[in-house]
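Here is the structure we will look at.
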Amino acid sequence: MDDLGNIHQIIVHLGGWDLAFNFEAMVMTWTVIGLLLLFGFFAVRGRSLVPGPIQVVGELFVFHLYGLVEDTLGKERAKTYGPLICALFMFLLLCNWLGTIPHLEEPTKDLNTPLSLGILGFLVAHVSGIRAKGFKGYAKEYIEPFPFMLPLNLVGEIANVISISFRLFGNIMGGSIIILVISHLAYSLVLPPFLLAFFGLFVGTIQAFVFTMLTTVYISIQVK
């Protein structure tokens, strides 16, 4: 369990405040971003009617995710939000898979990462709602069916951010704890590698998909 407590932090002194940054999570996050940029570069370079392996993978992601976004938001709004949803899913997927590589850690194991993405989805959804309905129409929904429901509606919106963020964080961190505990008990023989593949690949993929689809649904609720 000591491995989970060893957090490499950068302390920045700003006035009377000490700001702590998780150095490992920052490096892993930028590693994922760099890998996605490389993937995008090679996927679109030399595009042809007979695609190569990287182009095929890219097209599969775009095709299936755009289909899900169209089913949820409609064809017109899919053109606006489709790129965001595709990028979000691919980012989360690679973040969650990163932990299956020795000596690398999932950025989503740091609560700041899923919480930041949850806040991002919250802002996108509500700004989109204001643009689609106008501020009066948007604000009116928070006092329906009765004005005294306003506090409950506000709490419900904040709870969505907390729920979606902690769900992702809890599953990734929980998987890491289980793997670490069983590794110490079984001396990293047969079961831990299987668990690593299960939590890193299978659960990581499911959680990335759930987070992405919930974000899509939140946007859909606000714009419709």
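The values are calculated or read from the model by the stated rules, or taken from the named source; none is laboratory data. Keep in mind it's a predicted model, so treat the numbers as computed, not measured. Positions of Cβ are generated from backbone atoms using ideal geometry, with glycine treated the same way; all protein chains shown enter the neighbour counts.
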message: Here is a list: Glu106, Glu157, Glu70, Glu59. Which entry is loosely packed, with under 14 Cβ neighbours inside 10 Å and of a type outside the set (S, T, N, Q)?
response: Glu59
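Mind checking which helices (runs of 4 or more DSSP H) fall wholly inside region 138-224 and carry at least 3 residues that are hydroxyl-bearing (Ser, Thr, Tyr), farther than 14 Å from Thr108 by Cα and modelled with pLDDT of 85 or more?
204-223
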message: Suppose the filter is of a type in the set (A, V, I, L, M), out of contact with any Pro (no Cβ under 9 Å at 6 or more places or on another chain) and closer than 19 Å to Asn22 by Cα; does Leu73 pass it?
response: no
query: Within the bounds of region 124-135, is there any residue that is touching a Leu at 6+ places or on another chain (Cβ under 6 Å) and surrounded by fewer than 20 Cβ atoms within 10 Å (Cβ to Cβ)?
result: no
query: Would you pick out the residues in region 90-112 that are modelled with pLDDT of 90 or more and out of contact with any Leu (no Cβ under 7 Å at 6 or more places or on another chain)?
result: Leu92, Leu93, Cys95
- prompt: Of the numbered conditions (1) free of Cβ contacts under 8 Å to residues at least 40 places away in the same chain; (2) closer than 13 Å to Ile219 by Cα; (3) not basic (Lys, Arg), Tyr142 satisfies every one except a single condition; which is it?
  reply: (2)
message: Quick check on my filter: what residues within region 17-59 are among the small types (Gly, Ala, Ser) and in contact with a helix residue (DSSP H, G or I) (Cβ under 9 Å, 6 or more places away or on another chain)?
response: Ala25, Gly40, Ala43, Gly46, Ser48, Gly52, Gly58
message: All but one of (1) under 14 Å from Ile33 (Cα atoms); (2) among the aromatic types (Phe, Trp, Tyr); (3) surrounded by fewer than 20 Cβ atoms within 10 Å (Cβ to Cβ) hold for Phe89; state the number of the condition that does not hold.
response: (3)
